[in-house]
Amino acid sequence: MSALCDPPGAPGPPGPAPATHGPAPLSAQELSQEIKAFLTGIDPILGHQLSAREHARCSLLLLRSLPPARAAVLDHLRGVFDESVRAHLAALDESPVAGPPHLRPPPPSHVPAGGPGLEDVVQEVQQVLSEFIRANPKAWAPVISAWSIDLMGQLSSTYSGQHQRVPHATGSLNELLQLWMGCRATRTLMDIYVQCLSALIGSCPDACVDALLDTSVQHSPHFDWVVAHIGSSFPGTIISRVLSCGLKDFCVHGGAGGGAGGSGGSSSQTPSTDPFPGSPAIPGEKRVPKIASVVGILGHLASRHGDSIRRELLRMFHDSLAGVAGGRSGDPSLQATVPFLLQLAVMSPALLGTVSGELVDCLKPPAVLSQLQQHLQGFPREELDNMLNLAVHLVSQASGAGAYRLLQFLVDTAMPASVITTQGLAVPDTVREACDRLIQLLLLHLQKLVHHRGGSPGEGVLGPPPPPRPVPFLDALRNHVGELCGETLRLERKRFLWQHQLLGLLSVYTRPSCGPDALGHLLSRARSPEELSLATQLYAGLVVSLSGLLPLAFRSCLARVHAGTLQPPFTARFLRNLALLVGWEQQGDEGPAALGARFGESTSAHLSDLAPLLLHPEEEVAEAAASLLAICPFPPEALSPSQLLGLVRAGVHRFFASLRLHGPPGVASASQLLTRLSQTSPAGLKAVLQLLVEGALHRGNTELFGGEVDGDNETLSVVSASLASASLLDTNRRHTAAVPGPGGIWSVFHAGVIGRGLKPPKFVHAPGGTECGGCWGAPTLSPEAAKAVAVTLVESVCPDAAGAELAWPPEEHARATVERDLRIGRRFREQPLLFELLKLVAAAPPALCYCSVLLRGLLAALLSHWEASRHPDTAHSPWHLEASCTLVAVMAEGSLLPPALGNMHEVFSQLAPFEVRLLLLSVWGFLREHGPLPQKFIFQSERGRFIRDFSREGGGEGGPHLAVLHSVLHRNIDRLGLFSGRFQAPSPSTLLRQGT
């Protein structure tokens, strides 16, 4: 009977049926009738056709009474479950409402009776099989689990996509799981399998897991919902047993699919695109490798049970190394563990991502690397090369934070011990050589991936890049460009070469984002020419693939500077390195000059962004910006007025800041910048001169040019806090009935503060004795430029007199402007630089005419002083003496006075104060009669300058105004007789020839 019921090759009966409370055991005749009814499908007594329900119950009766008939019975029950699933899906197709089973309406009346009516039979099948499993799990659980799991696989594959209610396997796994678990038949099969696995989980679950793997190979991906449900129910058991069964199958099949096992290996040097062929690796073997099913199952579990999978994979790795070290190197499973894990990682990016985070920590101990090296010594060379290529492929697929850590680990391990290891830490040379080779192969592999992604060189810089094939390793390094640049600049033997090449590949792969960032990091961190050469080498390698790299790098760095994210030391270093690169253009060498010219062009395009850096609060940043702008080329087209004025303002500010901090030697860069700006256009020259004069005459810069800060206001403010009633101004106002006028002495002469005495005497520098006079060593200005300086002088010293008439009034009218004249005289005392500026203006006639109001005010102040002086000689007023001499000399230089009058300052030191006053009054009288007007000057083309011919003016040679001078000479003939020849009016021809 057993021979009739069991299929060929089936194992023996698992044992007698369990004792139940069902019907009594059948007699031999009854059993024969049941067998006949089961085989023919006809009732042997009544002779009619058995219904599906009756036929199923007949098969269950045989299964209880005749266990050897289990194969035929289970095969018949497949049809019962299939019919039940078909009826369930048909009801879903005709139901207008989708949703969970308990919310759906009852099936229509025309649904075949055999469908829904089989649910009670399905329940009876579950009861019978459950009794068998509980009674003898060791015998029945492997058979029933294999039957139930295979049947679920067949049903899933058969009905996938054939009904509108069954989603495709590639869709949502949760939706598919919800559908099948809502079907009574498939839910019953799942419960039966879970019961089998639960019964064997404590003893030997390999049979159940092996059946799961076989079915997963045959029916994937339609079977994935089963794997997901069972894996979630038994995560620990499924993960460990699936890996164990997969490793055993990997050993049996000899690493089919590109791995390396204990019994053979693949000759492919790179991972195969189809690593699991349909044909088995062992001749005559009908099974196919289960590693694909292992990958699928673990892939489903990785999202929720990633930690368990990671722990199990690392445990297998360490156990294999420990077993080899413990003398069990002959165990095939230990030998195949490392190739098996490599193959798993190659086939499943999810598993690779699960392990990559802790892979570095796992390999860091030197003992682990030594054990791994010993473990791999027994492999053939061909298999070692294959595993090395697998490792290269895996590193290129590493993602997340673990990718950068893995790179650092490989680079550190490949470096010599004297560079990266501490005392007592040693790594075998073979390990270093292997890591060195791994890095070189990795760079070669990445180069192939990057440069074979499609698209022509340079494409994607201005437009979107072509659809690339992603390289997870390079994607993970996007956020570590700064760290890579910092490591590259350390210039450690091979390390910086590897990382520099990696930066180039990363820049091409991520174009155009990482290339400008990498170049900017190198430019802002390089501290020596050797380090700076890395930036130029990177640019030279990327310029073919990335057009517009320099403008993007400049824009990125300047954006970080203005946003404040680039620290001032790095900003200063970036600007200094740019200045050094731009300076290469001036060296004449073909290579550096061409590269410097490109950097210069990019710099000139960002002048508007560089100009504000001259005002940076950090001195090193501002000085570096001045050094760069002093040598960078200006755009071929003229600077716009806004750009020019912005650069001039910032350059002048930088000039005075450098002068204040470093003195005259520290203004070289700012001076060079202002000189170049003044040469761009006449407007640039005028702006530079105007702002320089305004800045030099500013109160905050007075002491830079030998002047003193007026402390009157500070003194008054301090005293007013405690002695407010002691203010001289308030006292004067109380003692006058009316408000003092602008020319009154009460508002002019302030000798001190009541209650505190007279002002302390001040030491005032003599005119021309400026400490920073060397800063004004400029060539002779053009008349227009000198006029601009003159106008600026008037506006700065005496704004209320700007635009006043150039003609001089009679000397008596000076009484109405005595306050203004004294204020002008005070400014000349406080700022000796004014005399230097007057000399500069006088050297380009007729520009001095526009300073008429200043000359008039200063002369009036000097006349007042000499009139009030009661000293016998002028030596007691050194400043006034020097100021008088300088004033007359300047007016003579500017052709406002004829030579005879212009030389009178030579005898001032030999005269008494009243005599000096008389001579200065003669100067006033001459200027009143012969006003300093620009129209009196004519241009002499031979000399290329304007001159004044005094002979054409009536009395222009001095005339009656020389009489006072001659009288003074006669009075002091004993001392001044030798000077008489200096004060004779020249002939008209001589005067015209001299041009003065």
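The values are calculated or read from the model by the stated rules, or taken from the named source; none is laboratory data. Source: prediction; values computed, not measured. Backbone-built Cβ (ideal geometry, glycine too); neighbour counts: all protein chains shown. Accessible surface areas use protein heavy atoms only, side chains included; no ligands, DNA or RNA. Shrake-Rupley method; radii C 1.70, N 1.55, O 1.52, S 1.80 Å.
A few comments on the model shown:
Condition check ((1) in the same structural domain as residue 906 (by the TED database); (2) closer than 30 Å to residue 949 by Cα; (3) crowded, with 22+ Cβ neighbours inside 10 Å) across all residues:
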site: 839; (1), (2), (3): yes, yes, no
site: 845; (1), (2), (3): yes, yes, yes
site: 858; (1), (2), (3): yes, yes, yes
site: 862; (1), (2), (3): yes, yes, yes
site: 871; (1), (2), (3): yes, no, no
site: 874; (1), (2), (3): yes, no, yes
site: 879; (1), (2), (3): yes, no, no
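- The single residue among 789, 841 that is touching a Cys at 6+ places or on another chain (Cβ under 7 Å) and either among the β-branched types (Val, Ile, Thr) or part of a helix (DSSP H, G or I) (or both) turns out to be 841.
- Among all positions in region 517-532, there is no residue which is small (Gly, Ala, Ser), at pLDDT below 85, part of a loop (DSSP other than H, G, I, E, B) and surrounded by fewer than 21 Cβ atoms within 10 Å (Cβ to Cβ).
- Residue within region 637-656 that is among the aliphatic types (A, V, I, L, M), touching a Ser or Thr at 6+ places or on another chain (Cβ under 9 Å) and open to solvent by 70 Å² or more (accessible area, probe 1.4 Å) present: yes
- Residue within region 50-71 that is at pLDDT 75 or above, in a loop (DSSP other than H, G, I, E, B) and out of contact with any helix residue (DSSP H, G or I) (no Cβ under 7 Å at 6 or more places or on another chain) present: yes
- Residue in region 177-199 that is in contact with a helix residue (DSSP H, G or I) (Cβ under 8 Å, 6 or more places away or on another chain), at pLDDT below 80, assigned by the TED database to the domain that holds residue 145 and crowded, with 21+ Cβ neighbours inside 10 Å present: no
- Scanning region 311-328 for residues being farther than 13 Å from residue 338 by Cα and at pLDDT 85 or above gives a total of 2.
- Flag for residue 622 being under 23 Å from the mean Cα position of the chain (by Cα) and modelled with pLDDT of 85 or more: yes
- Any chance residue 535 is more than 18 Å from residue 609 (Cβ to Cβ), in a helix (DSSP H, G or I), open to solvent by less than 10 Å² (accessible area, probe 1.4 Å) and at pLDDT below 90: yes
- Residue count for region 365-377, restricted to those that are open to solvent by 40 Å² or more (accessible area, probe 1.4 Å) and touching a helix residue (DSSP H, G or I) at 6+ places or on another chain (Cβ under 7 Å): 4.
- Answer residue from region 487-504, given it is crowded, with 21+ Cβ neighbours inside 10 Å and among the aliphatic types (A, V, I, L, M) and is farthest from residue 450 (Cα to Cα) among those: 489
- The set of residues from region 48-64 being open to solvent by 50 Å² or more (accessible area, probe 1.4 Å) and either more than 20 Å from residue 118 (Cα to Cα) or touching a residue at least 24 places away in the same chain (Cβ under 8 Å) (or both) comprises 52, 53, 57, 64.
- Selection count where residues are within 20 Å of residue 628 (Cβ to Cβ) and either in contact with a helix residue (DSSP H, G or I) (Cβ under 6 Å, 6 or more places away or on another chain) or of a type outside the set (S, T, N, Q) (or both), scope region 499-533: 13
- All of (1) more than 53 Å from the chain's Cα centre (by Cα); (2) within 26 Å of residue 936 (Cα to Cα); (3) modelled with pLDDT of 75 or more hold for residue 824 with one exception: (2).
- The number of residues in region 489-520 being under 18 Å from residue 476 (Cβ atoms) and not aromatic (Phe, Trp, Tyr) comes to 16.
- Cβ-Cβ under 9 Å pairs, at least 6 apart or on other chains, region 881-899 side on the phi > 0 side of the Ramachandran plot, far side at pLDDT 95 or above and open to solvent by 30 Å² or more (accessible area, probe 1.4 Å): none
- Some residue of region 938-952 being at pLDDT 85 or above, closer than 21 Å to residue 790 by Cβ and assigned to a helix (DSSP H, G or I): no
- Checked against the criterion of being under 17 Å from the mean Cα position of the chain (by Cα), hydroxyl-bearing (Ser, Thr, Tyr), at pLDDT 85 or above and more than 15 Å from residue 478 (Cα to Cα), region 554-566 has at least one qualifying residue.
- Residue match in region 577-585 (condition: within 23 Å of residue 529 (Cα to Cα), of a type outside the set (A, V, I, L, M, F, W, C), modelled with pLDDT of 85 or more and out of contact with any Gly (no Cβ under 7 Å at 6 or more places or on another chain)): yes
- Applying the set (1) under 60 Å from the mean Cα position of the chain (by Cα); (2) assigned to a helix (DSSP H, G or I); (3) at pLDDT below 80; (4) among the aliphatic types (A, V, I, L, M) to residue 31 leaves exactly one unmet item: (1).
- Among the residues of region 112-170, those that are assigned to a loop (DSSP other than H, G, I, E, B), modelled with pLDDT under 75 and either open to solvent by 50 Å² or more (accessible area, probe 1.4 Å) or basic (Lys, Arg) (or both) comprise 112, 113, 161, 162, 164, 165, 168, 170.
- Top-ranked residue in region 903-921 [being open to solvent by 10 Å² or more (accessible area, probe 1.4 Å) and out of contact with any Cys (no Cβ under 9 Å at 6 or more places or on another chain); ranked as nearest to residue 841 (Cα to Cα)]: 903
- Residue count, region 886-902 (criterion: closer than 19 Å to residue 938 by Cβ and surrounded by fewer than 23 Cβ atoms within 10 Å (Cβ to Cβ)): 3
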